[in-house]
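> Here you go, one structure.
The values are calculated or read from the model by the stated rules, or taken from the named source; none is laboratory data. The structure displayed is predicted, hence computed values, not measured ones. Heads up, the Cβs are rebuilt from the backbone with ideal geometry, glycines too, and the neighbour counts pull from every protein chain shown.
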Amino acid sequence: MILLDNLTKTFGPRTILSGVSLEVPDGQNTVIIGASGAGKSVTLKLIVGLIEPDGGRVLVDDEVVHDLARDELAALRGRIGYVFQFAALFDSLTVAENIRLGLVKRGYDAGVIRERIEESLAVVDLSGTEDKLPAELSGGMRKRVGIARAIALKPRYILYDEPTTGLDPITATVMDRLIIRTRDLGVTGLVVTHDMRSAFSVGDRVAMLYQGAIRQVGTVDEIQASDDPVVRQFIEGRPGPELVEPVARRSVG
Amino acid sequence: MNHSVASRAPTREGFVAHVGRRSLEAGRALADIGTWLPLLMGQMVRLGVDSVPIALFIAVFTGIVLSLLSSYIFTGTVPLYFVGALVGKTIMMELGPVLTGMALAGRVGASIAAELGTMKVTEQVDALETLAYDRYAYLVVPRVLAATLMFPVVTAFAVAVGVASGWITAINLLDLSSTEFLKGLKQFYQFKDLWFGLVKSASFGGAVALMGCLRGLSAQGGAEGVGQATTRAVVLGCEAILVLDAFWALVLL
């Protein structure tokens, strides 16, 4: 289980997170929604230890991420897949080499690596693209390779950073199905998005991040029926003073 | 945009501390041999072998000019066979290593900073970390080692070609025979002349690659940030060469 405990994070004068607490139960997809700049991606990076919190703790499987030694952190990252917003594929490597990289680090032999590459590409319906470079792929295909790279490692958790941003509706639906299929394979998912259609489609639980803290968390039905005006405004996509540039208004110093 | 990128750029003092901290991390990454060793040969080809043409181009013209210049200075005052001595000593001990280093600071330093900077701003470096790789072991160590090992090799070729071009110039354009040129070259030659230049160039290679890596990994703010990181890497690489040049002269001469 992933547990966020009163996380705070500032970048210079900007307060991004000011006390985020959230439980990500095993075997479910938890979705964090919130406006652009609300700190959703920062939250994911805190979970894998790419950045350190100013306060609070992140616990993954009862381990405090930021107390881990370098080797322990590497081992923890072996249990967490990360799908980046723009895929973050290594552009000098082919699709197969991108997937292979993480498998090599874990010491699998060549046969297992080949199998895993084939399996993971089959899951994302990209068999046959092994020798292509990322530049030869569409944005949606790159994101699917990003998922293949993550699932090839058979992680316990996958963190998805804006998985449907910039995709056409059909490709976005394909991505949503992949995220659900991955959960059905037993992987716990944490998705951050501001795409409400996607959030309600893939999420078992939805949490809204607003002004540096979790405003409301609940099942999809509970969030859709929320009477919180901020939550309602966001999920209905109504512009208004409450949601306009919340980060700028929270700036200090 | 301009302001935001500039305001995040570290100060020179901050950069010195940054270099120290990152150098320590790179040192620790040296122990991760399984990660950097397979990448070393590719970097040696890329940073070393591919740099030979530009180094030789510079060496040819340096040899020509040095031969003509020394003839101009010595005519009527010093026996002309000293042209061989001056060309040999100067190219082996100073111009070969420094001019090759400067040229490679542009080529290698800029190439490394641009590549790593692009990886940084497109989250490829973060992706590497989430795959449980140490960014210093994967990106920095093979480049710094490759440059440290290959700069002396490229410099050795440049020295040979520079002396040869000075020799050919002397026997074709000056009133000097091959025997006289070689007499001057041999009369003042010491083995130290050669290894002094090669030791210097090894340190230049390490410094240029380290600056390129550190500036690249510090890049922020998209294309503009990568451009700034690249420019700084080249400037710092050239500055490091001049400082190291003086250092070795003080220590070894």
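> Given the criteria touching a residue at least 24 places away in the same chain (Cβ under 8 Å) and more than 14 Å from chain A (Cβ to nearest Cβ), does B:LEU194 qualify? Don't jump to the end; show me each part of the working.
Numbers: touching a residue at least 24 places away in the same chain (Cβ under 8 Å): yes; more than 14 Å from chain A (Cβ to nearest Cβ): yes.
Considered against the rule, which asks whether it is touching a residue at least 24 places away in the same chain (Cβ under 8 Å) and more than 14 Å from chain A (Cβ to nearest Cβ), B:LEU194 comes out as yes.
> What's the number of the condition A:PHE11 fails, among (1) modelled with pLDDT of 95 or more; (2) closer than 18 Å to B:ASP126 by Cβ?
So A:PHE11 meets the others, but not (1).
> Okay, next question. Name the single residue, out of those in segment B:26-73 being over 23 Å from B:PHE204 (Cβ atoms) and touching a Leu at 6+ places or on another chain (Cβ under 6 Å), that is farthest from the other protein chains (Cβ to nearest Cβ). Give the steps one after another, and end with the answer.
Step one: list which residues in segment B:26-73 are over 23 Å from B:PHE204 (Cβ atoms), which gives B:28, B:31-35, B:37-38, B:64, B:67-73.
Checking which are touching a Leu at 6+ places or on another chain (Cβ under 6 Å) leaves us with B:70-71.
On the way: B:SER70: 46, B:SER71: 49 Å.
Here the residue is B:SER71.
> For segment B:108-129, give me each residue that is more than 20 Å from B:VAL243 (Cβ to Cβ) and out of contact with any Leu (no Cβ under 7 Å at 6 or more places or on another chain).
The initial filter retains those residues of segment B:108-129 that are more than 20 Å from B:VAL243 (Cβ to Cβ), namely B:111, B:114-129.
Across segment B:108-129, the qualifying residues are B:SER111, B:ALA114, B:GLU115, B:GLY117, B:THR118, B:MET119, B:VAL121, B:THR122, B:GLU123, B:GLN124, B:ALA127, B:LEU128.
> Identify, please: which residue in segment B:161-211 is assigned to a helix (DSSP H, G or I) and touching a Lys or Arg at 6+ places or on another chain (Cβ under 7 Å) and is, among those, surrounded by the most Cβ atoms within 10 Å (Cβ to Cβ)?
Our first condition is that a residue be assigned to a helix (DSSP H, G or I); within segment B:161-211, this holds for B:161-173, B:178-187, B:191-211.
With touching a Lys or Arg at 6+ places or on another chain (Cβ under 7 Å) added as a condition, the list becomes B:193, B:209.
Values: B:ASP193: 18, B:ALA209: 32.
Filtering segment B:161-211 for residues that are assigned to a helix (DSSP H, G or I) and touching a Lys or Arg at 6+ places or on another chain (Cβ under 7 Å), the one surrounded by the most Cβ atoms within 10 Å (Cβ to Cβ) comes out as B:ALA209.
> Can you tell me how many residues within segment A:118-133 are within 14 Å of chain B (Cβ to nearest Cβ) and modelled with pLDDT of 95 or more? Step through it out loud before you land on a result.
As a first pass, look at segment A:118-133 and keep what is within 14 Å of chain B (Cβ to nearest Cβ): A:120, A:133.
Now narrow it down to the ones that are modelled with pLDDT of 95 or more: A:133.
The qualifying residues number 1.
> I'd like the residue in segment A:24-44 that is buried (at least 24 other Cβ atoms within 10 Å of the Cβ) and part of a loop (DSSP other than H, G, I, E, B) and, out of all such residues, is modelled with the highest pLDDT.
Only one residue fits best here, namely A:GLY39.
> What is the one condition in (1) under 22 Å from A:MET196 (Cα atoms); (2) modelled with pLDDT under 95 that A:ARG77 does not satisfy?
Single failed check for A:ARG77: (1).
> Does B:ALA147 satisfy being under 26 Å from B:ILE73 (Cα atoms), in contact (Cβ under 8 Å) with a residue 40 or more places away in the chain and surrounded by 23 or more Cβ atoms within 10 Å (Cβ to Cβ)?
Values: under 26 Å from B:ILE73 (Cα atoms): no; in contact (Cβ under 8 Å) with a residue 40 or more places away in the chain: yes; surrounded by 23 or more Cβ atoms within 10 Å (Cβ to Cβ): yes.
No; evaluated as a whole, the condition is false for this residue.
> Further, regarding this structure: Would you point out the residue of segment A:45-76, among those that are over 17 Å from A:PRO155 (Cα atoms), of a type outside the set (A, V, I, L, M, F, W, C) and not in a helix (DSSP H, G or I), that is nearest to the other protein chains (Cβ to nearest Cβ)? Lay out the reasoning, then the answer.
From segment A:45-76, those over 17 Å from A:PRO155 (Cα atoms) are A:46, A:50-58, A:64, A:66-71; that's our starting set.
Remaining after also requiring of a type outside the set (A, V, I, L, M, F, W, C): A:52-57, A:66-67, A:70-71.
Okay, now just the ones that are also not in a helix (DSSP H, G or I), so A:52-57.
On the way: A:GLU52: 13, A:PRO53: 16, A:ASP54: 18, A:GLY55: 22, A:GLY56: 21, A:ARG57: 20 Å.
Only one residue fits best here, namely A:GLU52.
> Hey, another quick one. Just for segment B:121-137: of the residues that are buried (at least 21 other Cβ atoms within 10 Å of the Cβ) and hydroxyl-bearing (Ser, Thr, Tyr), which one is farthest from the other protein chains (Cβ to nearest Cβ)?
Filtering segment B:121-137 for residues that are buried (at least 21 other Cβ atoms within 10 Å of the Cβ) and hydroxyl-bearing (Ser, Thr, Tyr), the one farthest from the other protein chains (Cβ to nearest Cβ) comes out as B:TYR136.
> Looking at A:VAL145, A:VAL112, can you tell me which residue is under 19 Å from B:ALA132 (Cα atoms), part of a helix (DSSP H, G or I), within 13 Å of chain B (Cβ to nearest Cβ) and of a type in the set (A, V, I, L, M, F, W, C)?
On the way: A:VAL112 fails: within 13 Å of chain B (Cβ to nearest Cβ).
When all the criteria are applied, what remains is A:VAL145.
> Can you tell me which residue among A:ILE180, A:ILE170, A:ILE158 is aliphatic (A, V, I, L, M), surrounded by fewer than 20 Cβ atoms within 10 Å (Cβ to Cβ) and in contact with a helix residue (DSSP H, G or I) (Cβ under 6 Å, 6 or more places away or on another chain)?
Numbers: A:ILE170 fails: in contact with a helix residue (DSSP H, G or I) (Cβ under 6 Å, 6 or more places away or on another chain); A:ILE158 fails: surrounded by fewer than 20 Cβ atoms within 10 Å (Cβ to Cβ).
Checking each option against the conditions leaves just A:ILE180.
> Then there is this: Exactly one of (1) in contact with a Phe, Trp or Tyr (Cβ under 7 Å, 6 or more places away or on another chain); (2) of a type outside the set (D, E, K, R); (3) modelled with pLDDT of 95 or more is unmet by B:ILE112. Its number?
Condition (1) is where B:ILE112 drops out.
> So which residues in segment A:206-219 are over 11 Å from A:ILE33 (Cβ atoms) and either basic (Lys, Arg) or out of contact with any Ser or Thr (no Cβ under 7 Å at 6 or more places or on another chain) (or both), if there are any at all?
Filtering segment A:206-219 down to residues over 11 Å from A:ILE33 (Cβ atoms) leaves A:211-213, A:218-219.
Correct list: A:GLN211, A:GLY218, A:THR219.
> With over 28 Å from A:THR171 (Cα atoms) and surrounded by fewer than 22 Cβ atoms within 10 Å (Cβ to Cβ) as the only criterion, which of A:LEU101, A:LEU73, A:LEU93 stands out? Working first, answer last.
Details: A:LEU101 fails: over 28 Å from A:THR171 (Cα atoms); A:LEU93 fails: over 28 Å from A:THR171 (Cα atoms).
The unique qualifying residue is A:LEU73.
> If we keep just the residues of segment A:51-70 that are among the hydrophobic types (A, V, I, L, M, F, W, C) and surrounded by fewer than 20 Cβ atoms within 10 Å (Cβ to Cβ), which is modelled with the lowest pLDDT?
Residue satisfying both the conditions and the ranking: A:ALA69.
> Take A:GLY102 and decide whether it is in a strand (DSSP E or B), within 14 Å of chain B (Cβ to nearest Cβ) and farther than 16 Å from A:VAL20 by Cα. Before the answer, list the steps.
Details: in a strand (DSSP E or B): no; within 14 Å of chain B (Cβ to nearest Cβ): yes; farther than 16 Å from A:VAL20 by Cα: yes.
So A:GLY102 fails the test.
> Next question. In segment B:219-253, which residues are aliphatic (A, V, I, L, M) and surrounded by 13 or more Cβ atoms within 10 Å (Cβ to Cβ)? Step through it out loud before you land on a result.
Residues of segment B:219-253 aliphatic (A, V, I, L, M): B:219, B:223, B:226, B:229, B:233-236, B:240-244, B:246, B:249-253.
Residues satisfying the conditions are B:ALA219, B:VAL226, B:ALA229, B:ALA233, B:VAL234, B:VAL235, B:LEU236, B:ALA240, B:ILE241, B:LEU242, B:LEU244, B:ALA249.
> Identify, please: which residue in segment B:141-152 is in contact with a Ser or Thr (Cβ under 9 Å, 6 or more places away or on another chain) and β-branched (Val, Ile, Thr) and is, among those, farthest from the other protein chains (Cβ to nearest Cβ)? Full working, then the answer.
Quick first cut of segment B:141-152, residues in contact with a Ser or Thr (Cβ under 9 Å, 6 or more places away or on another chain) only: B:141-142, B:148, B:150-152.
Now restrict to residues that are β-branched (Val, Ile, Thr): B:141, B:148.
On the way: B:VAL141: 15, B:THR148: 23 Å.
The extreme case among them is B:THR148.
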